[in-house]
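Presented below is the structure to which this report refers.
The values are calculated or read from the model by the stated rules, or taken from the named source; none is laboratory data. Just so it is clear, the model here is predicted, and its values are computed rather than measured. Positions of Cβ are generated from backbone atoms using ideal geometry, with glycine treated the same way; all protein chains shown enter the neighbour counts. When the accessible area is computed, the model is the full protein with side chains, heavy atoms only, and any ligands, DNA or RNA have been set aside. Shrake-Rupley method; radii C 1.70, N 1.55, O 1.52, S 1.80 Å.
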Amino acid sequence: MAVVNRRYVQSVLVALVYACAGAVMAQDMAAVSPSTTKVLIDKPDVRVMEVNVKPGEGIPMHSHPENVVYFVTGGKIKTTTSDGKVTEVTRKPGEVMWSAPITHKNENVGTTEEKVIVIELKSAK
């Protein structure tokens with residue numbers, strides 16, 4: 001009986017690890033990709049970052065609270081969310097988008113460097 005209980009507990013622990021893996025692996029964008037991300041302002045309610053991603057370069061899985069993104073330059077972006085959904089979108093210079101809280105990774109699949117300004121709304125968590 002002790003072996004069965006031990007196996008059950010091990011199975012439950014493994015399931016919990018997999019269930020929490022996305023949240024555990026999702027980190028701050030500036031921490032996971034310091035070569036592409038520069039924090040310009042970091043205050044209690046807002047954080048502003050400049051992000052420069054060269055063609056073929058990417059940003060590993062990370063999370064944002066509600067945010068606004070201003071596309072300084074255009075580009076083609078491949079985004080993979082924590083649930084595995086993949087989208088590709090082409091953005092134009094000057095375009096602006098709003099996003100609900102999200103965990104994702106990005107890759108520049110275009111031919112030009114992409115430069116964006118990300119404004120995270122911390123108080124909206």
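If you sort Met61, Met49 by accessible surface, 1.4 Å probe, largest first, the order is Met61, Met49. Placing a pseudo-label 7 Å from each Cα along the Cα-to-Cβ vector at Ser123 and Asp45 gives an inter-label distance of 0.2 nm. Modelled this way, with points 7 Å down the Cα-to-C-beta line, the labels at Trp98 and Val86 are 3.1 nm from one another.
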